[in-house]
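Working notes, structure below.
Bear in mind these aren't lab numbers, they're just calculated from the coordinates by the rules spelled out. These numbers were taken from a predicted model, which means no experiment stands behind them. Reconstructed Cβ throughout: ideal geometry from the backbone, glycine too, with neighbour counts over all protein chains shown.
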Amino acid sequence: MTLASLRQIPPTALLGLVLIVAYALVGILAPLIAPYGEAQIVGDQFLPWGGDYLLGTDNLGRDMLSRLIWGARNTVGVALLTTLLAFLLGSITGLLAAALPGWVDMLLSRLVDVLMAVPSLIFTLLALSALGPGIWNLIMVIAVLDATRVFRLARASAMNIMVMDYVEAARLRGEGTWWIIRHEVLPNITAPLIAEFGLRFCFVFLTISALSFLGLGLPPPMADWGGMVRDNAALITFGDSTPLLPAACIALLTVSVNFVVDWLLHRASGLKE
Amino acid sequence: MSGGPRDHPLRRMILMRLGIGLFTLLVISVLVFLAVSLLPGDIAQQILGQSATTETVAALRRELGLDQPLITRYFAWIGGILTGDFGRSLANGRPVADLLAARLGNTMLLAAYAAVIAVPLAVTLGLLAALWRGSWFDRCVNVISLSAISFPEFFIAYILMFWLSVRLGWFPSMADPGANPSLADLLGKAFLPAVTLVLVVTAHMMRMTRAAVVNVLGAPYIAMARLKGVSRWRIITRHALPNALAPIINVIALNVAWLITGVVIVEVVFVYPGLGQLMVDSVSNRDMPVVQACALIFAAVYVLLNLIADVLAIATNPRLLHPR
């Protein structure tokens with residue numbers, strides 16, 4: 001990307017891009033930047049800001065700043081992994097449904113209808129209470145529930161491509177379903193899927209944070225932002241704003257992603273409203 | 001359409017939607033029921049723990065009816081629910097129906113409180129943003145609503161609690177209304193949770209309303225009306241709004257999902273004794289009968305509201321009566 005095209009990006013999207021890169025760096029370099037370990041108890045409980053511990057300590061006497069930095073790695077990492085899984089599952093099944101109209105499409109679509117007929121948090125809570133806590137259960141449940149939205153989008157976009165003449169031509173010259181999906185359909189639906197990836201990531205990230213906040217997310221002592229809010233929430237009633245910091249970290253990242261996605265969607269739709 | 005009032009197309013459509021809604025609920029109830037069978041081991045093992053002897057587990061299994069085939073158990077379960085018997089809580093042995101009864105009203109009140117403020121606010125803001133597209137107002141509302149969507153519910157809740165309750169002391173930070181509160185007392189206590197929900201829901205609803213109205217405003221008949229010299233106000237009230245009504249109603253129903261999700265989290269933040277908090281507590285305790293009952297109620301409310309929205313959308317847009 002050249003400097004000139006960089007200048008055309010609206011300021012909100014540019015800010016979003018910069019912040020996303022910053023989050024990624026902090027997450028990757030967490031072991032190098034964080035002054036203390038993730039679960040290391042360094043001092044008394046609820047120490048104020050300043051001194052050795054820049055942002056004080058939490059309810060168990062762990063360094064707040066270090067946990068914020070580790071949280072970038074854990075929370076964002078898990079959300080990213082879950083989104084990737086949801087995308088893999090959703091787009092493969094969505095493409096299959098579009099390519100194989102008939103009972104495959106019927107079955108998958110009805111299944112998705114049922115899963116989408118209930119707010120996903122309710123299904124997530126139900127599934128987690130049955131499967132029990134645990135990081136992999138969490139990832140699988142959210143990935144499956146989120147794959148439903150990807151399925152809908154992938155199926156609808158692929159359907160539009162499947163009726164094109166060039167797909168018909170490929171079929172007539174004897175190409176297989178899988179070849180058509182890979183060479184004709186996939187390249188044509190990448191743009192909407194990429195924008196959707198950003199939105200899905202935000203949604204998954206917020207869901208995982210919410211579950212962690214409810215005490216059903218990443219298991220302790222892993223540092224994650226939703227859980228940190230929960231652990232230290234008591235401070236709020238004493239007029240201490242420290243518990244708002246991890247929540248602000250969550251909010252800032254989702255705002256950034258949303259700004260970038262908003263700009264991508266705008267550019268893709270070609271609208272200048 | 002010919003025919004008397006007996007086969008009125010609207011009535012037929014409503015009956016059909018009702019059928020679909022009931023069927024959806026049936027499928028959901030099966031899913032909710034099957035969730036128990038995902039448990040490693042079964043519920044009897046779960047109650048007694050790993051150290052229980054085979055005999056005691058078998059005895060409890062018989063007592064709970066777990067030795068019956070799955071399908072018999074499903075009908076016994078759903079039959080009980082339809083007659084108001086949700087089984088007993090695993091955690092404290094109390095009937096689930098008693099636990100629900102005390103909290104369902106609280107949650108409904110909170111959700112209705114939020115909806116009454118959020119719906120008119122969101123529709124007005126969305127309409128104005130669509131009308132003044134590209135203006136500073138539109139841009140401001142866009143950035144603010146995009147941010148509000150991106151914030152986790154508990155962040156908004158704690159910011160409000162921090163400023164309005166702890167710093168300024170205007171509202172109580174804990175929303176437990178206690179036993180037999182007066183309505184004014186209840187509304188005062190539930191104000192902060194309701195405002196949190198309003199902020200979250202309004203942002204979503206307003207953006208979708210704006211998109212729906214922008215869509216209608218782009219239609220050729222609006223351009224035609226404008227070229228004819230019809231006044232701006234008349235275009236909106238007579239041409240745009242009637243056609244935007246169906247999508248707006250759908251938007252409102254869609255956002256009930258955010259209301260339900262939001263209720264669960266907001267109730268936990270403000271320690272509001274509602275269904276959401278009960279569900280979260282029960283999930284941590286793995287108290288399956290209570291979780292199932294809560295999930296079923298939330299699902300039923302959601303399906304019902306979507307059904308109402310569907311019917312209203314069809315009633316306001318006769319074209320939908322004859323799907324192509």
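Each Lys and Arg contributes +1 and each Asp and Glu -1, all at the Cβ; summed about the Cα centre of the protein assembly as shown, the dipole is approximately 2320 debye. Between 0 and 90 degrees, the angle of helix A:11-28 with respect to the longest Cα principal axis of chain A falls at about 70 degrees.
Can you tell me the relative contact order of chain B? Whole percent, Cα pairs under 8 Å, sequence separation 6 or more. Could you put the intermediate results ahead of the total?
Values: 308 pairs, mean separation 82.6, N = 324.
Across chain B, relative contact order equals 26 percent.
Taking chain B as a Gaussian network of alpha-carbon nodes connected by springs under 10 Å, the highest mean-square fluctuation of the residues B:S150, B:S231, B:S135 belongs to B:S231.
Run lengths n ≥ 4 of DSSP H only: what is the helix-derived mean residue ellipticity at 222 nm for chain A, with -39500 (n - 2.57) per run over all residues, to the nearest 500? List each step's numbers first, then the result.
Numbers: 12 runs with 192 residues, N = 273.
Per the formula, -23500 deg cm²/dmol.
Of the residues B:K189, B:K228, the one with the fewest other Cβ atoms within 10 Å heads the list, and the complete ranking is B:K228, B:K189.
For chain B, a/c is not less than 1.5, where a ≥ b ≥ c are the root eigenvalues of the C-alpha gyration tensor, and a/b does not top b/c. That puts it in the oblate class.
When segment B:196-324 is described by a simple charge dipole with +1 on each Lys and Arg Cβ and -1 on each Asp and Glu Cβ, the residue from B:V280, B:V230, B:I265 located farthest towards its positive end is B:V230. Taking the square roots of five times each eigenvalue of the Cα gyration tensor of chain A, the equivalent ellipsoid has semi-axes of 41, 23, 14 Å, listed largest first.
In terms of other Cβ atoms within 10 Å, B:T124, B:T202 run from fewest to most in the order B:T124, B:T202. Taking A:A86, A:A72, A:A39 as the candidate residues, the one with maximal mean-square fluctuation in a Gaussian network model of chain A, Cα springs under 10 Å, is A:A39. Comparing A:S256, A:S129, A:S109 in a Gaussian network model of chain A (Cα springs below 10 Å), the most mobile by mean-square fluctuation is A:S129.
Think of the protein assembly as shown as a dipole: +1 on every Lys or Arg Cβ, -1 on every Asp or Glu Cβ, centred on the Cα centre; then among A:W178, B:P69, A:P220, A:W178 lies furthest on the positive end. Other residues lying with their Cβ under 11 Å from the Cβ of A:L80 contribute a combined charge of +2, Lys and Arg counting +1, Asp and Glu -1. For the pair B:V230 and A:L265, label points projected 7 Å from Cα toward Cβ lie 2.9 nm apart. For chain A, the longest principal axis of the C-alpha atoms and the axis of helix A:120-131 are separated by about 70°. Taking Cα centre as origin and charging only the Cβ of basic (Lys, Arg, +1) and acidic (Asp, Glu, -1) residues, the dipole magnitude of segment A:27-153 rounds to 340 debye.
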